[in-house]
Amino acid sequence: MTNLINNDDSDHSLFQCSIENQQAVSLHYHNAYEFIRVDDGELDVLIDGASYHVNKQQAIFIHVLQIHKIDISTTAKFTIITFSPELVSEFDATYKNKTIVNPLFDWPNPIDIEKFTSPYAERAFTFDLLNKLIQHAPFEIEHTNKKREVIHKIIDYVLHHFGEKCSLKVIQEKLGYDYNYLSKSFLTLTGIRFNEYLNKFRIKKACAYLLETTLTINQIGRICGFQSIRSFNRNFTSIMD
């Protein structure tokens with residue numbers, strides 16, 4: 001992330017803000033609410049399998065633990081704000097088992113992140129955001145909790161075992177779920193098949209090793225779980241093109 005606000009008076013565990021201009025944010029989840037405002041360009045955001053196109057001066061709200069990613073076809077600039085459930089405990093107690101029907105809404109005014117100089121300024125913005133959100137659209141009871149929890153387990157397994165044999169069959173045996181259930185649930189909530197996700201994750205890790213270490217391509221390929229340099233090259237070319 002670029003331009004991360006880092007004020008000594010701020011409670012960073014509760015509230016974080018950054019301005020982004022990167023090409024994409026890969027599939028992930030976290031125990032925090034997330035607000036994204038497009039300052040320039042446009043984004044495609046996937047949340048629990050649902051796709052949203054976010055234009056300039058629009059914003060989108062992502063609930064705690066929702067699986068999401070950001071895709072950018074052209075250059076874009078966007079502001080991301082994340083805040084913990086502890087910061088908004090009353091809201092969290094009321095809405096933690098619900099999701100907003102339509103998380104996409106207009107936000108015409110740019111966010112001046114330089115004003116977040118104290119916890120009070122951060123809380124004031126957060127409460128104003130949630131007030132607008134509640135007025136914008138209704139919330140409904142969550143229906144994807146169980147499937148999402150399963151996908152969390154798959155994502156966590158890949159995070160810790162991507163360098164090993166890490167097929168969905170292996171994960172299915174480790175977790176004790178039906179293979180078809182895992183495969184369909186993963187596709188439904190992430191928008192991609194598991195093998196595609198695994199290869200993209202491995203190539204992302206490989207890129208980090210290429211930039212940050214002096215390891216050879218053969219070594220990096222093996223560390224990232226590719227069985228041969230041919231497999232590594234094929235996936236690298238396919239994903240990075």
- Residues (part of a loop (DSSP other than H, G, I, E, B) and more than 18 Å from Glu196 (Cβ to Cβ)) located in the range 164-176: Glu164, Gly176
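Yes or no, residue by residue, for (1) outside the structural domain of Phe35 (by TED's automatic domain parsing); (2) more than 19 Å from Asp106 (Cβ to Cβ):
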| site | (1), (2) |
| --- | --- |
| Pro119 | no, yes |
| Glu122 | no, yes |
| Asp128 | no, no |
| Gln135 | no, no |
| Val150 | yes, yes |
| Ile155 | yes, yes |
- Item | Members of the range 199-216 that are under 23 Å from the mean Cα position of the chain (by Cα) and β-branched (Val, Ile, Thr) | Ile203
- Message: Between Glu149, Glu140, which is more than 28 Å from Gln22 (Cα to Cα) and in a strand (DSSP E or B)?
- Response: Glu140
- Output for the range 204-217, where each listed residue is surrounded by fewer than 20 Cβ atoms within 10 Å (Cβ to Cβ) and either under 26 Å from Lys69 (Cβ atoms) or of a type in the set (Val, Ile, Thr) (or both): Lys204, Lys205, Cys207, Ala208, Tyr209, Leu210, Leu211, Glu212, Thr213, Thr214, Thr216, Ile217
- Query: Quick check: is even one residue across the range 136-143 without any contact (Cβ under 8 Å) to a residue 40 or more places away in the chain, within 23 Å of the chain's Cα centre (by Cα) and within 23 Å of His28 (Cα to Cα)?
  - Reply: yes
- Note on the structure: Apart from one, (1) under 19 Å from His30 (Cα atoms); (2) assigned by TED's automatic domain parsing to the domain that holds Phe232 all hold for Glu164; the odd one out is (1)
- Test: residue in the range 99-113 that is surrounded by fewer than 13 Cβ atoms within 10 Å (Cβ to Cβ), within 17 Å of His30 (Cβ to Cβ) and not small (Gly, Ala, Ser): no
- Which members of the range 14-33 meet the condition of being closer than 18 Å to Phe91 by Cβ, of a type outside the set (Ser, Thr, Tyr) and either surrounded by 20 or more Cβ atoms within 10 Å (Cβ to Cβ) or free of Cβ contacts under 8 Å to residues at least 40 places away in the same chain (or both)? Phe15, Gln16, Ala32
- Thr82 vs (1) part of a strand (DSSP E or B); (2) exposed (fewer than 12 other Cβ atoms within 10 Å of the Cβ): all pass except (2)
- Item | Residues satisfying the stated conditions in the range 93-114, i.e. part of a helix (DSSP H, G or I), without any contact (Cβ under 8 Å) to a residue 60 or more places away in the chain and touching a strand residue (DSSP E or B) at 6+ places or on another chain (Cβ under 8 Å) | Tyr95
- Applying the selection to the range 218-241, what residues are surrounded by fewer than 16 Cβ atoms within 10 Å (Cβ to Cβ), of a type outside the set (Gly, Ala, Ser) and part of a loop (DSSP other than H, G, I, E, B)? Gln227, Asp241
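The values are calculated or read from the model by the stated rules, or taken from the named source; none is laboratory data. Everything numeric in this text was worked out from a predicted model, so none of it was measured. Backbone-built Cβ (ideal geometry, glycine too); neighbour counts: all protein chains shown.
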